[in-house]
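Data first, discussion second: the structure below is written as structure tokens.
The values are calculated or read from the model by the stated rules, or taken from the named source; none is laboratory data. These numbers come from a predicted model, not from an experiment. All Cβ positions, glycine included, derive from the backbone under ideal geometry; neighbour counts span all protein chains shown. Just the protein is used for accessible areas: all its heavy atoms, side chains included, with ligands, DNA and RNA removed. Shrake-Rupley method; radii C 1.70, N 1.55, O 1.52, S 1.80 Å.
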Amino acid sequence: MNKVTLVRNGGERRSAIARYYRGHTLNPISDEELQHKFAEQRVPMLGGAAADQLATVIWGLDKAEHIAELFDIAVTAEEP
């Protein structure tokens, strides 16, 4: 459970409680929001084209016969 309190310039306080965090089954995020969040995390590591390719593979995992392609794309070069 999360509580947020907003204090206005005049001192008025307003609070709200979110019982379920964003992304919880009872407070889901949209596919578009999930794709945006994924891109923010993966593009800096993989680059745009590889991140897009990885996202495509992930979205199709329920139809995949093998997941080897996922690992081939997801593995990044070792840090120096």
**Study point:** the chain - convex hull of the alpha-carbon atoms, volume per residue in Å³
**Key:** 173
Practice item. Positive end of the charge dipole of region 1-77 (Lys, Arg +1 and Asp, Glu -1 on Cβ, about the Cα centre): tell me which of Ile58, Tyr21, His36 has its Cα farthest that way. Key: Tyr21
**Study point:** Mean residue ellipticity (222 nm) of the chain, computed from DSSP H runs ≥ 4 via -39,500 (n - 2.57), nearest 500
**Key:** -13500 deg cm²/dmol
Review point. Of Glu33, Glu69, Glu12, which has the largest mean-square fluctuation in a 10 Å C-alpha GNM of the chain?
Key: Glu12
Review point. Whose amide H sits under 5 Å from the amide H of Ile29, counting only residues 5 or more places off or on another chain, with H placed in the peptide plane?
Key: Gly23
**Study point:** Note, ³J(HN,Hα) from phi for region 16-33, Karplus 6.51, -1.76, 1.60, rounded to Hz, x at Gly and Pro
**Key:** 9, 10, 9, 5, 10, 4, 5, x, 5, 3, 8, 8, x, 9, 6, 4, 4, 5
Practice item. For the chain, report the accessible area per residue in Å² (1.4 Å probe, heavy atoms, rounded to an integer). Key: 87
Check your understanding: At a 1.4 Å probe radius, carbon and sulfur cover how many percent of the accessible area of the chain?
Key -> 53
Check your understanding: Relative contact order, percent, of the chain when contacts are C-alpha pairs under 8 Å separated by at least 6 residues?
Key -> 17
Practice item. Using only the Cα atoms of region 34-78, build the gyration tensor, take square roots of its eigenvalues as a ≥ b ≥ c, and label the shape rounded, prolate or oblate: rounded if a/c is under 1.5, else prolate if a/b is larger than b/c, else oblate. Key: oblate
Point to revise | Cα-centred dipole magnitude for the chain, charges only on beta-carbon of K, R (+1) and D, E (-1), debye, nearest 20 | key: 940
Revision key, fill the gap. The chain, Gaussian network, Cα under 10 Å: of Ala50, Ala68, Ala16, the residue fluctuating most is Ala16
